[in-house]
Every structure is written in structure tokens, then in C-alpha cells.
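Engineer: A single structure is presented below for examination.
Bear in mind these aren't lab numbers, they're just calculated from the coordinates by the rules spelled out. If you're wondering where the values come from, they're calculated on a predicted model, not measured in any experiment. Here the Cβ is made from the backbone with ideal geometry for all residues, glycine too, and neighbour counts use every protein chain on show.
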Amino acid sequence: MNKKKIIILSLLIIPIVIGCILIYILIPANNTKVEILINNEVYGTYSLYQDQTIIVENKEDRNVVEIKNGKVSVTESNCANQICVNASAISNDNPSTIICMPHHLVVQLK
Ligand SMILES: [Zn+2]
């Protein structure tokens, strides 16, 4: 293999390698979990990347937690203040916590 071929090959390979490294850095690892706590005890852990609706029932308390497109929100609740329903959805970009005080319910990312 002469020098010219090595240079051409290098020019082809280097961008591919850089591209692979960039993809690896830019795409976040999709292992984020959604954790639902009631009274500080884990009720359930769910993947943030699997769309699903979780109905959390604890005696007369009822919350509906929806995981959709990498975002989590409380879509329904029979609590008095509805703060959990009005809370903005949480996601990797907004990793906060949704709390339903009357139901002692916490939804957070892990
Ligand atoms: Zn609530």
C-alpha cells in the first residue's frame, strides 16, 4: 500500500470515527427510570422510554401517571388541589419531581 492510498483511506475513516464518537456522546443513554413513591416507599419503577399509563391506587387515592414520548405527567387525580395534574411533565430535559401532597405521591426520575 503506498502513501497516497493510506492518506485517502485515513481521510475516509477519520470522519466515520469522529461521527461515531459524536453519536455516542450526543445520544443520551436511554436507561432513565421513572420511580413512583407513596409514603416514601417505592410503588413501582418504569422505563421512561416505554409509553404506558400507570394507575396508582392507594385506598381511595387515585392518580393516573402517563409516560409518553420520554415525558412523565400526572393526567388524572382525585386529590383536592390538582397541583400534580397541573404540574409540568418531567423528562430528561426537565428532571424535576411531581408531587401530590394529599396522596403522599412522588413521581421522579432515577
Ligand atoms: Zn394531586
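Engineer: Among residues belonging to region 62-80 that are near the ligand (Cβ under 9 Å from one of its atoms) and more than 16 Å from the chain's Cα centre (by Cα), point out the one that is surrounded by the fewest Cβ atoms within 10 Å (Cβ to Cβ).
Structural biologist: Once the filter is applied, the top-ranked residue is 80.
Engineer: Condition first: near the ligand (Cβ under 10 Å from one of its atoms), in contact (Cβ under 8 Å) with a residue 24 or more places away in the chain and within 18 Å of residue 37 (Cβ to Cβ). Can you find one or more residues in region 81-95 that meet it?
Structural biologist: Within region 81-95, none of the residues are near the ligand (Cβ under 10 Å from one of its atoms), in contact (Cβ under 8 Å) with a residue 24 or more places away in the chain and within 18 Å of residue 37 (Cβ to Cβ).
Engineer: Could you grab the pairs with beta carbons closer than 6 Å, sequence gap of 6+ or different chains, first residue in region 28-55 and under 18 Å from residue 78 (Cβ atoms), second one of a type outside the set (Val, Ile, Thr) and surrounded by 11 or more Cβ atoms within 10 Å (Cβ to Cβ)?
Structural biologist: 36/43; 36/44; 38/58; 38/104; 38/105; 39/104; 53/66
Engineer: A further question follows. Are there strands (runs of 3 or more DSSP E) fully within region 11-110 with at least 2 residues that are in contact with a Phe, Trp or Tyr (Cβ under 8 Å, 6 or more places away or on another chain)? List them.
Structural biologist: 33-38, 52-58
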